[in-house]
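The values are calculated or read from the model by the stated rules, or taken from the named source; none is laboratory data. Only a predicted model underlies this, so the values are computations on that prediction, with no experimental measurement involved. Quick reminder, even Gly has a Cβ in these numbers, built from the backbone with ideal geometry, and neighbours come from all protein chains shown. Areas reflect the complete protein model, heavy atoms only, side chains present, ligands, DNA and RNA absent. Shrake-Rupley method; radii C 1.70, N 1.55, O 1.52, S 1.80 Å.
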Amino acid sequence: MFKKLFIIFLACLFCLNMEKIVQASKIENIEFELSEDEAVLTFFHLSKGEAALMVDGHGHSILINTGHASAEKELFSMLDLFQVKKLDTIIVTRQEEGYDDNLESLFKQFSPKTIYVPSSYTNALPFLKLVKWKKGDRQLFGKRLMIQVLNEEQEETPSIDLSIKYGENHIFYMTNYSKHKEEQLLKEKLEDVNVVKMPNLSKGEALSEKLVEHMDPQTAIFTAPKDLQHGSQFIEYLYELWIDVYFVHQMGTVSMKMNDTHYEIITFPVSEYK
């Protein structure tokens with residue numbers, strides 16, 4: 001009897017030690033050590049809202065959206081995890097909860113030089129100097145990163161869709177979607193899109209097969225908690241086209257590391273850093 005109890009005690013002690021080892025092995029910070037011709041676009045895992053960070057090998061940093069107010073601590077923890085010491089630019093793609101909630105706290109912490117918002121953006125933040133972007137506006141950041149407003153919604157909720165190009169890599173950052181908007185997108189030159197950041201599909205229809213085939217992307221990234229799940233007809237269709245699909249709220253933070261000609265996707269499950 002004593003021998004059995006002793007064995008159980010050793011087993012429990014082993015499990016406790018293993019738990020400590022697993023906890024100690026969790027990621028405390030992430031650094032990509034980028035060369036001058038490299039950049040990383042990271043889609044943060046937040047409990048609510050969305051935010052993405054673009055950093056290049058010259059130290060330029062751009063935050064796209066700021067997450068929901070309830071996820072402010074999570075956002076700052078993610079910025080700390082990725083060792084962000086400064087933000088040069090913030091881009092807001094939609095005037096709505098989950099997109100621009102934490103502008104004030106970010107400004108106080110990082111004092112970004114420029115904040116871009118949709119041209120019909122109306123939130124009044126007197127301490128912020130906002131640059132309003134309309135369809136066709138573009139800005140070169142550094143030598144390789146070009147961001148252009150591909151589409152704009154003015155009548156309902158002010159929002160913009162972004163074309164992000166780094167070398168030969170093309171990311172289409174979609175904010176929302178409608179059939180009316182699709183007709184405009186089909187007229188755009190999107191055949192070279194590599195990665196699509198999908199709009200919040202829980203608020204409307206899924207993209208049509210016609211638009212997906214027009215872009216013919218290699219990768220689709222979903223950031224909204226209530227986006228369509230794996231069993232949906234639309235997701236199955238993406239798989240049939242051999243498109244790699246990533247759900248940030250299921251898989252954790254997703255990074256796209258790129259140079260002038262290629263990119264790779266790196267995932268960080270939440271269990272590895274929380």
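Observations on the model:
- Among the listed pairs K86/K113; K86/K257; K134/K257; K26/K73; K48/K113, a Cα-Cα separation exceeding 22 Å is found for K134/K257; K48/K113.
- Å³ per residue enclosed by the Cα convex hull of the chain: 159 Å³
- If R0 is 51 Å, the Cβ-Cβ spacing of Q139 and E272 corresponds to a FRET efficiency of close to 0.90.
- Largest GNM mean-square fluctuation across L128, L201, L63, computed for the chain with C-alpha springs under 10 Å, falls on L128.
- ³J(HN,Hα) computed for each position of the range 259-274 - Karplus, 6.51 cos²θ - 1.76 cosθ + 1.60, integer Hz, glycine/proline x: 10, 5, 10, 9, 8, 9, 9, 10, 10, 10, x, 4, 5, 7, 9, 10
- GNM result for the chain, Cα springs below 10 Å: residue of I243, I27, I147 fluctuating most strongly: I27
- ³J(HN,Hα) computed for each position of the range 165-181 - Karplus, 6.51 cos²θ - 1.76 cosθ + 1.60, integer Hz, glycine/proline x: 10, 10, x, 8, 7, 10, 10, 9, 8, 8, 9, 8, 8, 7, 4, 5, 5
- Reciprocal mean inverse distance between Cα atoms of the range 160-274 - Kirkwood radius, Å: 14.7 Å
- Averaged per residue, the chain has 51 square angstrom of accessible surface, using a 1.4 angstrom probe with ligands and nucleic acids left out.
- Working from Cα pairs under 8 Å separated by at least six residues, relative contact order for the chain is 16 percent.
- For the pair E209 and E264, the difference between a 0.36 nm per residue extended length and the Cα-Cα distance amounts to 17.3 nm.
- Heavy-atom accessible area for E104, with the other protein chains in place and a 1.4 Å probe, reaches approximately 80 Å².
- Rounded Å value of the spacing that divides the Cα centres of the range 39-105 and the range 120-139: 17 Å
- Between G167, G252, G136, the GNM of the chain built on Cα springs shorter than 10 angstrom shows G136 fluctuating the most.
- Helix screen, the chain: DSSP H segments with Cα axial length of 18 Å or more and mean Kyte-Doolittle hydropathy at least 1.0 are 2-24.
- Dipole magnitude (debye, nearest 20) for the chain, charges at Cβ of Lys, Arg, Asp, Glu: 900 debye
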